Amino acid sequence: MTLAIDEARLSWEIDALAAFSDAEAPAVTRVVFTPTDLRARAWTKERCEEAGLAVRADAVGNTFARWEGSALDAPVVGTGSHIDAIPNAGRYDGVVGVLGGLEAIRALQRSGFRPKHSIELLVFTSEEPTRFGIGCLGSRLLAGTLSAETAKKLADSDGAPLDEVRSKAGFAGELEAVKLPAGYYKAFVELHIEQGPLLEKQNVPLGVVTRIAAPASMRVLLEGSGGHAGGVLMPDRRDALCAAAELILAIENAARGSGAIDTVATVGICDVFPGAVNSIPSRVRLSVDVRDTNLERRDGVMRLIDAAARGIAAKRQVSIQTEMLNADAPADSGLAIVEALSQACRKYGFEFLSMTSRAYHDSLFISRIAPVAMLFIPCRGGYSHRPDEYASPGDIARGALVLAETLAMLAE
Ligand SMILES: [Zn+2]
């Protein structure tokens, strides 16, 4: 089997898809279920049909393009990513995994390869949280980690319910039916730009992802007592911001003290009320984001933060309430897929790094129902989610080639 990627065609397709945008080039804005997104979906579907793939979409718009294998009932080998883009993004995030996945399938077809397991390209709905406030909407529903019942309560910022928006977009049927049956996948591999600087810095063309980190996020509300900055003397104060300052440092210490480089904690929001120079802060709202590749370690950090909050509340006589917003578990890649990816790299003499994905992707949720792994290619400066996001045609083609080889090994 000799595989060849049509680099020129793949580059042309990536540029053509970027033209479906609500922002001026080079920026790409493509929010799920907008007319622009629907036109981009129709265009992508045509490309898949042109390749002879059978295309179907589920009730939330996840789109499957299938190359039927010879063993009809055997579990599927999946690949794919997303084509939605946050406002003012670039043209490669997600798209490389979709169009690169399609080109990998076409390369296999051209080589004369015939899969035993069906190979399916999957275009996930709404990986980005832009419209409905939740990332990886499509993959969460496929995996069943988000129930149809909860999904039905989602609405966009204009108050339009998900159910209404999706049916207007042409995706009918029950959300309950989106969840894939157990054992649907044999394996799922996602090709993606790194969205970080390591590959470029180390001048290595490929990254085989062995773990995907996952965030836990929490909202913290601290309430003390306000008053005049001159009138209330220090022994009588219950300053909510001073308590918050102690808590923020405790959060930093908890992450630093975990003993692992993969543990990171961030307080990104600190809202102070009433926010006046001569008024003692009576109320503070914090956001906390803790990520790790190891669930126990991450949950250990969350427990330390909780304990610190209780201690600070007692010492400073303020109330501290914590609310967990989400706590997705990290995932380890499937060993057989990592092995196939590594073998494919070695076959072509491509150097690769074993790496951790520090952003999360649809693969994180598919990992709940199937073995997954990801293949990273470099992106300039590690930039992503901005108009100057860039991956070179050569790097993209190399990724598609290794993906094709890996799909062949898995589908044999
Ligand atoms: Zn992405």
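The values are calculated or read from the model by the stated rules, or taken from the named source; none is laboratory data. Fair warning: this is a prediction, and the values are worked out from it, not measured in the lab. Cβ atoms come from the backbone with ideal geometry, glycine included; neighbour counts cover every protein chain shown. What goes into the accessible areas is simple: the full protein's heavy atoms, side chains included, and nothing from ligands, DNA or RNA. Shrake-Rupley method; radii C 1.70, N 1.55, O 1.52, S 1.80 Å.
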field: Matching entry among Ala308, Ala314, Ala331 (being open to solvent by 30 Å² or more (accessible area, probe 1.4 Å) and of a type outside the set (Val, Ile, Thr))
entry: Ala314
task: Only residues that are near the ligand (Cβ under 9 Å from one of its atoms) and among the β-branched types (Val, Ile, Thr): list them for segment 85-95, please.
output: Val95
- request: Determine whether segment 139-159 contains at least one residue that is surrounded by 14 or more Cβ atoms within 10 Å (Cβ to Cβ), within 19 Å of Ala331 (Cβ to Cβ) and of a type in the set (Asp, Glu).
  value: no
message: Out of the residues in segment 265-285 meeting the condition of being closer than 22 Å to Leu325 by Cα and touching a helix residue (DSSP H, G or I) at 6+ places or on another chain (Cβ under 6 Å), tell me which one is least open to solvent (accessible area, probe 1.4 Å).
response: Val284
message: Pairs needed: first member in segment 390-412, more than 11 Å from Phe113 (Cα to Cα); second member anywhere, charged (D, E, K, R); C-beta distance under 6 Å; at least 6 residues apart or different chains.
response: Tyr390/Arg380; Pro393/Glu7; Ala397/Glu7; Ala400/Glu103
message: Suppose the filter is at pLDDT 95 or above, within 15 Å of the ligand (Cβ to nearest atom) and under 21 Å from Arg211 (Cα atoms); does Phe365 pass it?
response: yes
query: Quick check, is Ser319 open to solvent by less than 10 Å² (accessible area, probe 1.4 Å) and within 24 Å of Ser217 (Cα to Cα)?
result: no
query: Name the residues in segment 103-131 that are within 16 Å of the ligand (Cβ to nearest atom), out of contact with any Asp or Glu (no Cβ under 8 Å at 6 or more places or on another chain) and either in a loop (DSSP other than H, G, I, E, B) or over 21 Å from Ile366 (Cβ atoms) (or both), would you?
result: Pro129
- request: Any residue in segment 131-155 that's free of Cβ contacts under 8 Å to residues at least 40 places away in the same chain: show its pairings with residues that are β-branched (Val, Ile, Thr) and open to solvent by less than 40 Å² (accessible area, probe 1.4 Å) at Cβ separation under 9 Å, as long as the two are six or more apart or on different chains.
  value: Leu146/Ile134; Ala148/Val178; Leu154/Ile134; Ala155/Val165
task: Determine which single condition Leu353 fails, assuming it passes every other condition in (1) in contact with a Ser or Thr (Cβ under 9 Å, 6 or more places away or on another chain); (2) part of a strand (DSSP E or B).
output: (1)
query: Pick from segment 28-58 the residues that are within 21 Å of the chain's Cα centre (by Cα) and open to solvent by less than 10 Å² (accessible area, probe 1.4 Å): which of them is nearest to Phe113 (Cα to Cα)?
result: Thr44
- request: Determine whether Val98 is open to solvent by less than 10 Å² (accessible area, probe 1.4 Å) and touching a Leu at 6+ places or on another chain (Cβ under 6 Å).
  value: no
message: I'm trying to understand the selection: among the residues of segment 53-94, which are under 16 Å from Leu17 (Cα atoms), among the aliphatic types (A, V, I, L, M) and in contact with a His (Cβ under 8 Å, 6 or more places away or on another chain)?
response: Ile86, Ala89
task: May I ask you to list the residues in segment 156-170 that are of a type in the set (S, T, N, Q) and touching a residue at least 60 places away in the same chain (Cβ under 8 Å)?
output: none
- prompt: What single numbered condition from (1) within 16 Å of the ligand (Cβ to nearest atom); (2) open to solvent by less than 10 Å² (accessible area, probe 1.4 Å) fails to hold for Ile337?
  reply: (1)
Helices (runs of 4 or more DSSP H) wholly inside segment 132-244 containing at least 3 residues that are within 16 Å of the ligand (Cβ to nearest atom) and either among the charged types (D, E, K, R) or in contact with a strand residue (DSSP E or B) (Cβ under 6 Å, 6 or more places away or on another chain) (or both): 137-143
- request: Check off (1) of a type in the set (Phe, Trp, Tyr); (2) open to solvent by 60 Å² or more (accessible area, probe 1.4 Å); (3) more than 16 Å from the ligand (Cβ to nearest atom); (4) closer than 25 Å to Asp262 by Cβ for Tyr348 and give me the number that stays unchecked.
  value: (4)
task: Would you point out which residue out of Ala65, Ala59 is under 29 Å from Glu176 (Cβ atoms), in a loop (DSSP other than H, G, I, E, B) and more than 16 Å from the ligand (Cβ to nearest atom)?
output: Ala59
